[in-house]
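To start, the structure under review is shown below, and the notes come after it.
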Amino acid sequence: MIDFPSLPGSRLLSASALTLLLLTSSGQLFADTAFRYQVPVQPEAASGYQDKPGWATSYFAVAAANPLATDAGYQILKAGGSAIDAAIAVQMVLTLVEPQSSGIGGGAFLMHFDGSEVLAYDGRETAPAGVTEALFLDQEGAPLSFMDAAASGLSVGVPGVLRMLEEAHRAHGQLSWEVLFAPAITLAEEGFAVSPRLHTLLAGETALKANSAAAAFYYDTDGEPLPVGHQLKNPALAAVLKQIAERGSEAFHSGAIAQDLVQQVQQHPVHPGSMTKEDLAAYTPLVREPLCTDWKSYRVCGFPPPSSGHLTMMQMLGILEHTPAVAEPLQEGLPGEAWLHQFTEAARLSFADRALYIADPDFINPPGNSWASLLAPDYLRERAGLISDTSMGRATAGTPGPWQVSYASMPEQEEYGTSHISIVDAQGNALAMTTTIEAAFGARILADGGTGLPGGYLLNNELTDFSFQPADAEGVPIANRVEPGKRPRSSMSPTLVFERESGELVASLGSPGGAAIIHYTARTLIAMLDWGLNAQEAISLPHALSFNGPTFLEADRFPEATLEALRAREHEVTERDLTSGLQVIQKTPNGFFSGADPRREGVVMGE
């Protein structure tokens, strides 16, 4: 029996409680009964921005968006689990405690390093076989509003996170699949304290209340959100997770759970979707070759398309390498206006290419039949030459070689959501996983898995990552249009960084935040590896970004003089909340130094 050091205020499950937890529906006891999950004290930190110190560890670390999820991963690592084992436990707990961001009803991209090889596991959702290019057009052929499309059955993609995690676990797991579900099942049955962030998002949400099951579960009889600290139990999710723990992902993709999911989608009262049980049964995770790009003395490895994250981020960093260096990028501890100008101009150029070229590679060809064309040094040098002392306002896509593409640029549309997990285990396995149901609360559909019990899990609205318009005004098709079986373009940017010469791991990082993920991750890499800040200092710097339009600065974080200097350079400057959720584990000579975003509830644990 493995005994864990007591966590302050934790309570150890009794042997009888553990046996009840680990009994499957067939009466079989899970194999790893040596693992004893301890329920930790459930923090009630203030919402909003909260300074965090960073965490130094010697042997391993796990960083996730909620303390209960981080703790679940920590306990799995303490029990001898691998980084993959810990990630599965973290994801299952996030399904429960951070339902607005990710869960078993969604998808994920996972970068994994086993000490010698980097692999990219693709658990991105797919479009059902019954969709058409006109999925998000109304009867007049005009695009639906984002919320009309998102909060509906139309937006639900075939979930992929469970089958992807199962595939990765077969290759890299140490503990049995079943035991990894023990933390989430325990918390679902015993209850967890509603966090300030979950309460705040529930309070600002309207579409979720239109779903009767969600309204009854997350709100009181007066329609008020459950208060911070409310002990919320989720018996439906516990029952669903027990089935998945016993039977694997097949329990989710077939049988009663699948039937309930399909029914929720097809019977949506306003905009029903076309998903079938055959769509669920046919889902296949993919193992892709990662994209690894040299930058300075590092090798940065990220996810290939259908993610736009790595390509767009490395375009930005590459363009900046070909612009005149800013002598002092930090002014009084904050990014100065000269650097902000270059960074947001590089973003405009990169996002213009993103809008034209990047989509599911099983459906479109990259320019020149190689994604590397977008990162070719001569091309990036040419793009960098377009940056002047004043803002270009809006960039157009470039031509990375002597060829043409037959696509139109995708119009800008909203992107949301996600959660990020970074883990390094004691054996040197490392991962970066970004996981999502897209917008906050996804499709606003709570599915109980056919259990008839209160609670459940939320379905994704991932198909709204496709272009609502299949073509431009001249009828030229958009690469990221809706097609059956296609994976929507993503901005998720799970990233692993290595020393170029030695191949030694340097960092694991990523963030939620829709299209802004790309800027958040790029800026953090620059701050850590170019400016010499530690992981927590880099995360805590204020954000700036452009999606190839206005320049957005994080509200109340920059002096007025910086805003005025950018306006003098003809930037259209707007302040707004830029709520990243960065998680970073950085290798140090003595182990690791890790950081979690002060804008959210995440923490790091390790030893």
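A short reminder: the numbers here are calculations on the coordinates, not readings from a lab. Everything quoted here is computed from the prediction, not taken from an experiment. Every residue, glycine among them, receives a Cβ derived from its backbone with ideal geometry; neighbour counts consider all protein chains shown.
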Ala430 neighbourhood, Cβ < 14 Å, K/R = +1, D/E = -1, net charge -4
Under a Cβ-Cβ cut-off of 9 Å, what is the net charge of the residues other than Gly157 that fall near it, where Lys and Arg count +1 and Asp and Glu count -1? -2
Per the charge dipole of the chain (beta-carbon charges, Lys/Arg positive, Asp/Glu negative, Cα centre), the residue among Val262, Ala203, Ala61 reaching farthest to the positive end is Ala61
Zero-based 10 Å bins, Cα pair distances in the range 171-285, whole percents: 12, 31, 36, 20, 1
Taking Cα centroids, how far is the range 259-285 from the range 307-325 in Å? 39
State to the nearest 20 debye the size of the charge dipole of the range 35-117 about its Cα centre, where the only charges are +1 on K and R beta carbons and -1 on D and E beta carbons. 160
Assigning unit charges at the beta carbon (Lys, Arg +1; Asp, Glu -1) and nothing else, what dipole magnitude in debye, to the nearest 20, does the chain show about its Cα centre? 720
Give the value in nm², to one decimal: projected area of the alpha carbon convex hull of the range 319-400, averaged over all directions. 6.1
Identify, among Val240, His341, Leu374, the residue whose Cα sits farthest towards the positive end of the charge dipole of the chain, taking +1 on the Cβ of Lys and Arg and -1 on the Cβ of Asp and Glu, with the dipole about the Cα centre. Val240
For 545-556, 235-246, ranked highest to lowest by mean beta-carbon neighbours within 10 Å, the order is 235-246, 545-556
Helix-derived mean residue ellipticity, 222 nm - over the chain, DSSP H n ≥ 4, -39500 (n - 2.57), to 500: -9000 deg cm²/dmol
Cα coordinate range in the chain, projected on the principal axes (Å, largest first): 69, 61, 47
So how tilted is helix 517-529 from the main axis of the chain? Cα-based, degrees 0 to 90, rounded to 10. 80
Taking the alpha carbon gyration tensor of the range 430-513, what are the square roots of 5 times its eigenvalues, largest first, to the nearest whole Å? 31, 26, 10
May I ask you to order 69-76, 194-201 by the average number of other C-beta atoms within 10 Å around their residues, highest value first? 69-76, 194-201
Just want the answer: with Cβ charges of +1 for Lys and Arg and -1 for Asp and Glu, which residue in Ser493, Phe466, Asn429 is farthest toward the dipole's positive end in the range 429-519? Phe466
Take peptides 427-434, 480-487 and line them up by average Cβ neighbours within 10 Å, highest first, as a rough protection proxy. 427-434, 480-487
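On alpha carbon coordinates alone, what is the Rg over Rh value for the range 232-347, Rh being the Kirkwood radius? Numbers along the way, then the final one.
Values: Rg = 23.5 Å, Rh = 19.2 Å.
My calculation puts Rg/Rh at 1.23.
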Grab the other residues whose beta carbon is less than 14 angstrom from that of Ala108, score K and R as +1, D and E as -1, and report the net. -4
Size of charge dipole - the range 512-588 - debye, nearest 20, with Cβ of Lys, Arg +1 and Asp, Glu -1, no other charges: 300
